[in-house]
Amino acid sequence: MENSVKIFGPDRPCSDIEGYWVSPAGEIHLLETKHIDMVFDMPELFGLDIEYIKSVFNRYDEEYRTEANARREILIMLFEKGWIRARRYRRPAGWTVNVYSLNSETRTILALFGSAMIKRGHSPYDDVKLDTHQGQERVALKEISEGLQDVINN
């Protein structure tokens, strides 16, 4: 199954700073800019419409695409729907991965994502801060690719 994973988005080599959306179906989308920009640019991909997104920003009286309260509300809603947000940072080197919960479906999708990132050229020993609605856990990218077996007991 790992060989069938396709990364949607710009065709470029892996880098120190990358962002991804992973759909509930396991589709991996490489970002060109910020996560909220992709939600604005492709709302239908996320099962949303642009008017709804704008209404959330308007309710908070925030500029569109800014990273504040409206963005947080929209991202949490997407996590609840099964979307996964991933960002690789240069300093400190490592990843932040946001998911709603670590159920069996999420672990399977995370394993596909982790394997795809290792295959893409990222180190299996990259540090990953796994952030759920229940708290945070630090794991290695390799452990993500293995489905978090023996790491997190949920």
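A few comments on the model shown:
- Residue that is nearest to Val128 (Cα to Cα), among those in the stretch 20-70 that are in a helix (DSSP H, G or I) and small (Gly, Ala, Ser): Ala70
- Wholly enclosed strands (runs of 3 or more DSSP E) of the stretch 75-154 bearing at least 1 residues touching a helix residue (DSSP H, G or I) at 6+ places or on another chain (Cβ under 7 Å) and over 21 Å from Pro24 (Cβ atoms): none
- Residue in the stretch 51-73 that is crowded, with 20+ Cβ neighbours inside 10 Å and within 15 Å of the chain's Cα centre (by Cα) present: yes
- The numbered conditions (1) in contact with a Phe, Trp or Tyr (Cβ under 6 Å, 6 or more places away or on another chain); (2) farther than 14 Å from Trp21 by Cα; (3) crowded, with 18+ Cβ neighbours inside 10 Å are all true for Leu130 except (1).
- From the list Gly121, Gly94, Gly135, the one residue that fits, being surrounded by 13 or more Cβ atoms within 10 Å (Cβ to Cβ), at positive phi and not basic (Lys, Arg), is Gly94.
Okay, residues lined up against (1) of a type outside the set (Ser, Thr, Tyr); (2) touching an Asp or Glu at 6+ places or on another chain (Cβ under 9 Å):
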{"residue": "Lys34", "(1), (2)": "yes, yes"}
{"residue": "Tyr52", "(1), (2)": "no, no"}
{"residue": "Asn58", "(1), (2)": "yes, no"}
{"residue": "Arg88", "(1), (2)": "yes, yes"}
{"residue": "Glu105", "(1), (2)": "yes, no"}
{"residue": "Ser123", "(1), (2)": "no, no"}
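- Candidate set: the stretch 29-77, residues that are among the basic types (Lys, Arg) and in contact (Cβ under 8 Å) with a residue 24 or more places away in the chain; chosen: the one nearest to Met117 (Cα to Cα): Lys34
- Leading residue by the ranking (surrounded by the fewest Cβ atoms within 10 Å (Cβ to Cβ)) among those in the stretch 99-109 that are under 17 Å from Tyr20 (Cα atoms) and in contact with a Ser or Thr (Cβ under 8 Å, 6 or more places away or on another chain): Tyr100
- Hey, Arg87 surrounded by 13 or more Cβ atoms within 10 Å (Cβ to Cβ) and either free of Cβ contacts under 8 Å to residues at least 12 places away in the same chain or charged (D, E, K, R) (or both) or not: yes
Only the coordinates and a few stated rules stand behind these numbers; no lab work does. The structure presented is a predicted model; accordingly, all values stated were derived computationally and were not measured. No Cβ is skipped: glycine too gets one built from the backbone with ideal geometry, and neighbour counts run over all protein chains shown.
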